[in-house]
Structures are given as C-alpha cells and as structure tokens.
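This report concerns only the one structure given below.
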Amino acid sequence: MKNIVLIGFMGSGKTVIAKQLSKILKRKIIDTDKIIEKRQKKKIKEIFKLYGEKFFRKVETDAVKYAGKQKNIIIATGGGVVIKPQNIKILKKNGIIVYLKNTFETSYKRLKNKKDRPLFKINNLKETRLLFNKRLKLYKRAADIIIKTDNKSIERVADEIIKKLDKYKICKQK
C-alpha cells in the first residue's frame with residue numbers, strides 16, 4: 001500500500017497528525033527530521049548552526065530517499081522538503097502527498113514559544129512570513145490532497161485526511 005506523506009509549513013501539525021493517523025490506521029511513522037537527527041547525532045537546530053541550510057537540505061534528501069523506499073507508512077516531513085523537486089518526486093513514487101494547510105497566524109500561535117525551529121525567526125516575523133509565502137505554491141503544486149488545519153482538532157484533521165484518502169483505496173482501517 002502507498003505511503004501517506006504529510007507536508008506543510010512549520011507548525012501545520014505534521015508530527016501530531018502523523019501520530020493520530022498512526023493510531024487509527026495502525027501504520028508506522030517515519031519523521032524525516034528524526035532520521036536526520038539520528039544519523040547526524042545532532043538536533044536540527046545544531047545542524048543548521050554548524051553546517052548551514054545547504055548541508056541540511058542534502059541530508060534531508062538522503063532521509064527522503066530512505067523514507068520513500070518504505071511501504072505502507074506515514075511520513076512526516078520537514079517544512080522545507082518541497083524546496084527540492086527531487087524530494088517530491090521520490091515521495092510521490094510510492095506515496096500520496098497530503099498538504100496540511102494553515103495560515104501564518106496559526107503557525108505563529110503554535111510556534112511562538114518553541115526554540116527548536118531554526119527558520120522560524122520569532123524576532124524577524126517579516127522574514128518568516130516571506131518564507132511562508134514563498135513555500136505556499138510549492139506545497140500546492142506537490143499536494144495530491146489539501147487539508148486546512150486552522151481551528152481544527154487533531155482528530156478532525158485526521159478524519160478528513162482518511163475520508164479524502166478513500167478514493168486512493170489506501171486507508172483500510174484496522
């Protein structure tokens with residue numbers, strides 16, 4: 001069965017939605033950021049600080065290649081996975097891409113107290129908003145399914161995803 005791949009901006013809910021889908025569908029989760037941290041033996045923030053974004057994007061593609069080879073799993077990606085068309089091509093090969101869409105304000109509310117997001121600059125929201133706006137068209141272009149997450153519970157978002165996935169015949173609930 002095809003993978004369920006979650007994309008979206010930082011704070012869109014990829015990790016928490018992946019956990020909810022995993023519980024309902026009894027599928028394993030692969031989080032590309034966790035793969036990177038495990039392989040690099042460093043947190044994402046440290047990787048950015050020590051080696052920069054270019055290096056991070058290279059190891060992110062390696063993590064995507066690994067995740068994309070798996071079957072019947074849920075993949076939670078980092079917010080910037082869409083930057084490289086190669087990543088989307090790999091993920092689409094064996095997956096249905098679900099874009100968790102939210103407003104910038106929702107991301108801000110969810111992340112304003114987090115310190116582990118190197119590209120979510122709380123002290124420079126103008127730059128962060130530009131990044132958000134720049135990625136919107138990339139998420140839309142990559143998505144097979146778009147689910148709005150603003151003001152919705154985790155359970156409701158997961159249910160909406162499962163309903164939309166029905167047409168792909170990949171969501172047999174156990």
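Tabulated data
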| quantity | calculated |
| --- | --- |
| Sequence-distant aspartates and glutamates (8 or more away, or on other chains) whose Cα lies within less than 13 Å of residue 109 | 150 |
| Whole-angstrom gap from region 141-167 to region 45-108, using each part's C-alpha centre | 18 Å |
| About the Cα centre, charge dipole magnitude for the chain (Lys/Arg +1, Asp/Glu -1 at Cβ), debye | 300 debye |
| Cα Rg, Dmax (largest Cα-Cα span) when computed across region 60-109, Å | 12.1, 35 |
| The chain: radius of gyration over Cα atoms, expressed as a fraction of 2.2 N^0.38 Å | 0.98 |
| Share of Cα-Cα pairs in region 1-95 lying beyond 15 Å, as whole percent | 57 percent |
| Restraint check, 28/148; 58/112; 34/69; 19/163; 41/84, Cα-Cα greater than 19 Å | 28/148; 58/112; 41/84 |
| Mean Cα-pair separation over length for region 3-168, i.e. relative contact order, pairs under 8 Å, 6 or more apart, % | 34 percent |
| Listed pairs 26/137; 26/54; 65/137; 38/65; 49/140; 43/164 exceeding 25 Å between Cα atoms | 26/137; 26/54; 49/140; 43/164 |
| Within the chain, helix-based [θ] at 222 nm, where runs of 4 or more DSSP H residues each add -39,500 (n - 2.57), nearest 500 | -17500 deg cm²/dmol |
| Efficiency of FRET from Cβ geometry, residue 28 and residue 109, R₀ 22 Å, rounded to 0.05 | 0.15 |
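Every number in this text was worked out from the coordinates using simple rules, so none of it is lab data. The model shown is predicted, which means the values in this text are computed figures rather than measured ones. Don't worry about glycine lacking a Cβ; one is built from the backbone with ideal geometry, like all the others, and counts go over all protein chains shown.
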